[in-house]
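> Before I ask anything, here is the structure I am working with.
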Amino acid sequence: MPKVLVVGGGAAGMMAAISAKVNGAEVVVLERNSRVGKKILATGNGRCNYTNINLSIDNYHGKNPKFAYSCLSKFGVAETIDFFERLGIAPTVEEDGRVFPLSFQSSSVLDVLRFELEDLDIQVLTNSFVKDINKKGNKFELLLEDEKRIYGDKVILATGGKAAPHTGSDGSGYDLAKSMGHSIVEIFPGLVQLKLEGDIFKQVDGVKFVGTAGLYEGNQLIKEDRGDILFTNYGISGPPILQLSRTALEYLNKNKDIRLKVSIIDTKTKDELFNYLLYRFGFMPRKTIEKGLIGLINKRLILPILKAINIDKDKKIAYLTNDEVMKLAEILTNWRFKISGSKSFKDAQVTAGGVNTDEIDSSTMESKLVDGLFFAGEIVDIDGDCGGFNLQWAWSSGYVAGTNSTLG
């Protein structure tokens, strides 16, 4: 019976531990926090969106996104829903295919995983930070921060990335991987708010609307998403922005000029909106343009928009030119901003980049460089879109790593 040491007690680590134990191994989980699964509690706004029925390989990113395919096909959405249902999680499917526990509590998912660790008699060592890893012959030696040494036959690194460091993910797993000869694809925050250039953001901080956001390089649309968008004092946030952030930062890191297009009104084309504005303004020729926009867009956006297109707020609607009305239609459907960066790992939901997938066997999650060393979850250069895809990667890669760690 092999002894499997799982470094990290998050989603991927717990799944790896359970899979290894069920497959006949002796398992020890080493978790740096005082309890396992801290990050799970924050997922899905505390409701735990644990998978997505609309999953496809296109929801994943990295140097080689197709690397994820093997794990996802071995333990996919159906297997995940079934696994958790057997543990007690009744699933419910919401918009966009997101799957939540019917209790709508992240703690439910964490609780049933913890109960399973206990029921399987898996040893969990909390407050155990692994600071070094060595392989001596066929045995691995883990050195803990308190100078304790733990020995095992196989090791699964499931330490997470660098996002949300308050949950214990501070990037230390990358150092362990590097010490074993692995290379790290450059990491940066994923699913994170974007910083924009401009001086309007203190004025519009907190303004929320349903609209469309798109990334452009020149006039080329790269990617877009629709939903609740929120202006902030540093730039912009909301689910569509988080979805676009990874691609935006990827382009920025390559020194490409990437712009964000925001459509505050996305239910009409520019020309349709122009015609509507002419119709609307026909009712109110004596009003100022500032007053004439109330009821069309959020009041706090009116002055910054008028300033951006150089129209006097006190100008009477009767004296607006067609060119000025067209400028209004343009900015309301196509407001462009220069992206200057993003918020930090502290604010990010996931880490982009990680252990180079060229050095990992996609069908087993075993290192190609060190026999008996496995990887699972966010530490690997695979990250998913918002909507349950990152947790699905944790379950899938954890299952494959855990199962294969007991073989050979």
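The values are calculated or read from the model by the stated rules, or taken from the named source; none is laboratory data. Just so you know, these numbers come straight off a predicted model, no measurement behind them. Don't worry about glycine lacking a Cβ; one is built from the backbone with ideal geometry, like all the others, and counts go over all protein chains shown. Note: areas computed on protein heavy atoms with side chains; ligands, DNA, RNA excluded. Shrake-Rupley method; radii C 1.70, N 1.55, O 1.52, S 1.80 Å.
> Which of the chymotrypsin sites (Phe, Trp or Tyr not before Pro) across segment 211-302 are loop residues per DSSP, with 15 or fewer other Cβ within 10 Å? It would help to have the intermediate numbers written out before the result.
On the way: sites: Tyr216, Phe231, Tyr234, Tyr251, Phe274, Tyr276, Tyr279, Phe281, Phe283; in loops: Tyr234, Phe283.
When the chymotrypsin sites (Phe, Trp or Tyr not before Pro) of segment 211-302 are filtered for loop state and at most 15 Cβ neighbours within 10 Å, Phe283 remain.
> Related question: In nm, to one decimal, how far is the modelled label at Asp132 from the one at Lys178, with both set 7 Å along Cα→Cβ?
1.6 nm
> Could you give the size of the charge dipole of the chain about its Cα centre, using +1 on the Cβ of each K and R and -1 on the Cβ of each D and E, expressed in debye and rounded to the nearest 20?
Using Cβ point charges on Lys, Arg, Asp and Glu, the chain gives about 1460 debye.
> So, in nm, how far is label Asp146 from label Ser344 when the simple model puts each one 7 Å beyond its Cα toward the Cβ?
3.0 nm
> Find out how many positive minus negative residues lie around Gly152, taking Lys and Arg as positive, Asp and Glu as negative, among other residues whose Cβ is under 15 Å from that of Gly152.
Neighbour charge sum, excluding Gly152 itself: +2.
> Also: Among Thr92, Asn45, Asn33, which residue has its Cα furthest toward the positive end of the charge dipole of segment 33-167, with +1 on Lys/Arg Cβ and -1 on Asp/Glu Cβ?
Asn33
> Suppose every Lys and Arg Cβ carries +1 and every Asp and Glu Cβ carries -1, with no other charges. What dipole size does segment 69-145 come out with about its Cα centre, to the nearest 20 debye?
Taking the Cα centre of segment 69-145 as origin, the dipole is about 480 debye.
> Count charges around Ala78 for me, please; just the other residues with Cβ under 14 Å from its Cβ, Lys/Arg as +1, Asp/Glu as -1. Show your work: numbers first, answer last.
On the way: positive: Lys74, Arg86; negative: Glu79, Asp82, Glu85.
Neighbourhood net charge equals -1.
> Which percent of the accessible area of the chain is formed by carbon and sulfur heavy atoms (probe 1.4 angstrom)?
47 percent
> Another question, if that's okay. Quote to one decimal, in nm, the extra length available between Asn310 and Asp361 on full extension: 0.36 nm per residue of separation minus the C-alpha distance between them.
Separation in residues times 0.36 nm, less the Cα-Cα distance, equals 12.6 nm.
> So for the chain, taking the charge dipole from beta-carbon charges (+1 Lys/Arg, -1 Asp/Glu), which of Met1, Thr321, Gly152 sits furthest toward the positive end?
The residue sitting farthest along the positive end of the dipole is Thr321.
> Run through the DSSP bridge list for the chain and note the antiparallel percent, rounded to the nearest 5.
75 percent
> Also, quick follow-up: What do you get for trypsin sites (Lys or Arg not before Pro) in segment 109-192 restricted to DSSP loop and a cutoff of at most 14 other Cβ within 10 Å of the site's Cβ?
Counting only loop positions with at most 14 other Cβ atoms within 10 Å, the trypsin sites (Lys or Arg not before Pro) in segment 109-192 are Lys148.
> Beyond 24 Å between alpha-carbons counts as too far, so tell me which of Lys223/Lys343; Lys254/Lys368; Lys39/Lys131; Lys131/Lys154 fall in that bin.
Flagged as over cut-off: Lys254/Lys368.
> Turning to a different aspect of this structure: Quick check: residue separation of Glu118 and Lys254 times 0.36 nm, minus the Cα distance between them. What number comes out in nm?
Residue separation times 0.36 nm, minus the Cα-Cα distance, leaves 44.3 nm.
> While we're looking at this one, here's another question. Ordering Leu41, Leu277 by accessible area with a probe of 1.4 Å, largest first, what comes out? List each step's numbers first, then the result.
On the way: Leu41 75, Leu277 0 Å².
Per-residue accessible area, sorted high to low, gives Leu41, Leu277.
> Using the crude model of +1 on Lys and Arg Cβ and -1 on Asp and Glu Cβ, and no other charge, please compute the dipole size for segment 1-156 relative to its Cα centre, in debye to 20.
Around 600 debye, computed over segment 1-156.
> Right, something else. If you keep only loop residues by DSSP, which GluC sites (Glu not before Pro) in segment 44-100 have at most 16 other Cβ atoms within 10 Å of their Cβ?
Within segment 44-100, the qualifying GluC sites (Glu not before Pro) (loop, at most 16 other Cβ atoms within 10 Å) are Glu94.
> Also: Give me D for the chain in µm² s⁻¹, whole number, from Stokes-Einstein with Rh from the Kirkwood sum over alpha-carbon pairs, 4 °C and 1.567 mPa s. Could you put the intermediate results ahead of the total?
Values: Rh = 23.0 Å.
Rounded to a whole number, D works out at 56 µm²/s.
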